[in-house]
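Written out below as structure tokens is the structure these notes cover.
The values are calculated or read from the model by the stated rules, or taken from the named source; none is laboratory data. For clarity, every value in this text was computed on a predicted model and none was experimentally measured. We place every Cβ from the backbone using ideal geometry, glycine too, and count neighbours over all the protein chains shown.
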């Protein structure tokens, strides 16, 4: 075996080293500092890889309000009874103890991009040479007439995992016999494109066991959705007659939502729900808006390294970024984090910088042992992240293949959470 | 584990019949393999735990490379792995192979 510098080393080494030496902090021997805001699939992964691969040469601070992080991915499987709530919760001890990441459980209030400082909720400050923003999403409360934060307890969005998902499960379990569940999915673009439809599948699974005459109505603002054919075939197979998906041409749009009477009004009809999940439109997490790196609702990035177009010292990962054809998913964020981590190390320590390579796969569970998936890999084009190749589960797959797909998704959960938190 | 043994079997056959082992690892670059491995460990647990996706830590480098070439040519069939392998060239496969071979297998 011959170790060599290959064609892939196109921006690292001498060039980055020269840049780094020009920085006062390095000239005086101080460790360069990276602050990471958000401890999810993007932020936790970025913090880990920067700390791990720099072997202590970079000081990494992860700012995350929650001490225990409940993943959004697999929260639907908790809803359906396939996972315990505890099994989707994770802590940051591994990053702290194994990787030397300085974990700060605080809210990031604002970013002073000129001074390169993050201001924390309780008055502290974290200085940085490079900042990673991976704040996920915030909800647009004004996107649905009548929708407000106070409605969370009546019609849970359950789109940021945690207690909202526990609340939604309890509401489904307490529905009256033969009652109606209404799902209002968000408009594009949003976190986890197959998520609303996997959620419906999991709720149908729960109701089939406990409340088989109950109905589910989906009032969709979109005329089509991710893995639509596969989901709808699965619903017909496993939950015949239970689920009614109504597209916007048919219902004419949501005119008002009344959480007190549990009524959702459309042109077609006013739907009375015994339980409901209403997921509004979304934008980049508020701190990204505060940092001034958004254009409209989301943060444009440079495809080669995930730096914000608005600020070369800030990297934006995951749901908050405009990653073109990459969906807003935990897998995408994890993949983007590794590209950013590699680039940040190159910038700050002169290590080798390799070409950006991105990937995503989204598994969904339709019913017991009936898993489906869609995935693609991507490269950095000059203006956007481009698809290299892709695949999707086929409609005529055998039960064995579907079962294997589900088992694979369990393996993936183990893999990505190990990758993020250990 | 049963799946992995099947993979071993096919890989051994491929090793013997298709290419000389030293060619499979030509151009291997451990550092590049470490970077590329980021795509693998999202699914293949780096702790060496198999909960539905095979452990690849500690896999013999030539076996690893043979398997990836088999996915690339379509001799082995799995949608995710065929997609992953489709954009890896021989040097990249070799780099990954030597990287994972050096990882402690804890299963």
Checklist (1) exposed (fewer than 13 other Cβ atoms within 10 Å of the Cβ); (2) assigned to a helix (DSSP H, G or I) applied to residue A:224, failing item: (2)
Region A:267-299: number of residues that are farther than 30 Å from residue A:313 by Cβ and part of a loop (DSSP other than H, G, I, E, B): 7
Hits in region A:192-215 (condition: under 29 Å from the mean Cα position of the chain (by Cα) and assigned to a loop (DSSP other than H, G, I, E, B)): A:192, A:193, A:194
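Taking region B:33-59 only, how many residues are within 28 Å of residue A:353 (Cβ to Cβ) and within 7 Å of chain A (Cβ to nearest Cβ)? Break it down stepwise before answering.
Residues of region B:33-59 that are within 28 Å of residue A:353 (Cβ to Cβ), as a first pass: B:33-47, B:56-57, B:59.
Filter once more, so that each one left must be within 7 Å of chain A (Cβ to nearest Cβ): B:35, B:38-39, B:41-47.
The number of residues fulfilling the criteria is 10.
Let's see how each residue does on (1) buried (at least 17 other Cβ atoms within 10 Å of the Cβ); (2) at pLDDT 95 or above:
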position: A:140; (1), (2): no, yes
position: A:145; (1), (2): no, no
position: A:161; (1), (2): yes, no
position: A:185; (1), (2): yes, yes
Candidates A:78, A:69, A:49 - the one that is assigned to a helix (DSSP H, G or I) and more than 14 Å from chain B (Cβ to nearest Cβ): A:78
Count of residues meeting criterion [without any contact (Cβ under 8 Å) to a residue 12 or more places away in the chain and over 22 Å from the mean Cα position of the chain (by Cα)] in region A:87-114: 4
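Is it the case that residue A:287 is crowded, with 17+ Cβ neighbours inside 10 Å and more than 21 Å from residue A:119 (Cα to Cα)?
On the way: crowded, with 17+ Cβ neighbours inside 10 Å: yes; more than 21 Å from residue A:119 (Cα to Cα): no.
Criteria not met by residue A:287.
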Leading residue by the ranking (surrounded by the most Cβ atoms within 10 Å (Cβ to Cβ)) among those in region A:391-422 that are at the interface with chain B (Cβ under 10 Å from one of its Cβ atoms) and in contact with a helix residue (DSSP H, G or I) (Cβ under 7 Å, 6 or more places away or on another chain): A:420
Any hit, region B:8-27, residues being at pLDDT below 95, assigned to a helix (DSSP H, G or I) and within 11 Å of the chain's Cα centre (by Cα): yes
Failed criterion for residue A:150 (all others in (1) outside any loop (DSSP other than H, G, I, E, B); (2) free of Cβ contacts under 8 Å to residues at least 12 places away in the same chain; (3) farther than 30 Å from residue A:209 by Cα hold): (2)
Any hit, region A:297-309, residues being within 17 Å of residue B:41 (Cβ to Cβ) and within 14 Å of chain B (Cβ to nearest Cβ): no
Hits in region B:95-106 (condition: under 9 Å from the mean Cα position of the chain (by Cα) and either closer than 17 Å to residue A:355 by Cα or not in a helix (DSSP H, G or I) (or both)): B:96
Matching residues, region A:29-46, being in a loop (DSSP other than H, G, I, E, B) and under 20 Å from the mean Cα position of the chain (by Cα): A:38, A:39, A:40, A:41, A:42
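Any idea which of A:310, A:341 is within 20 Å of residue A:37 (Cβ to Cβ), in the same structural domain as residue A:114 (by TED's automatic domain parsing) and crowded, with 24+ Cβ neighbours inside 10 Å?
Details: A:310 fails: crowded, with 24+ Cβ neighbours inside 10 Å.
Answer to the selection: A:341.
Right, residue A:276: surrounded by 24 or more Cβ atoms within 10 Å (Cβ to Cβ) and not assigned by TED's automatic domain parsing to the domain that holds residue A:128 or not? Full working, then the answer.
Values: surrounded by 24 or more Cβ atoms within 10 Å (Cβ to Cβ): yes; not assigned by TED's automatic domain parsing to the domain that holds residue A:128: yes.
Yes: the conditions hold for residue A:276.
Residues are listed down the side, and each one gets a yes or a no for (1) touching a helix residue (DSSP H, G or I) at 6+ places or on another chain (Cβ under 9 Å); (2) in the same structural domain as residue A:288 (by TED's automatic domain parsing); (3) in contact (Cβ under 8 Å) with a residue 40 or more places away in the chain:
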{"position": "A:130", "(1), (2), (3)": "yes, yes, yes"}
{"position": "A:146", "(1), (2), (3)": "no, no, yes"}
{"position": "A:171", "(1), (2), (3)": "no, no, yes"}
{"position": "A:181", "(1), (2), (3)": "yes, no, yes"}
{"position": "A:215", "(1), (2), (3)": "yes, no, no"}
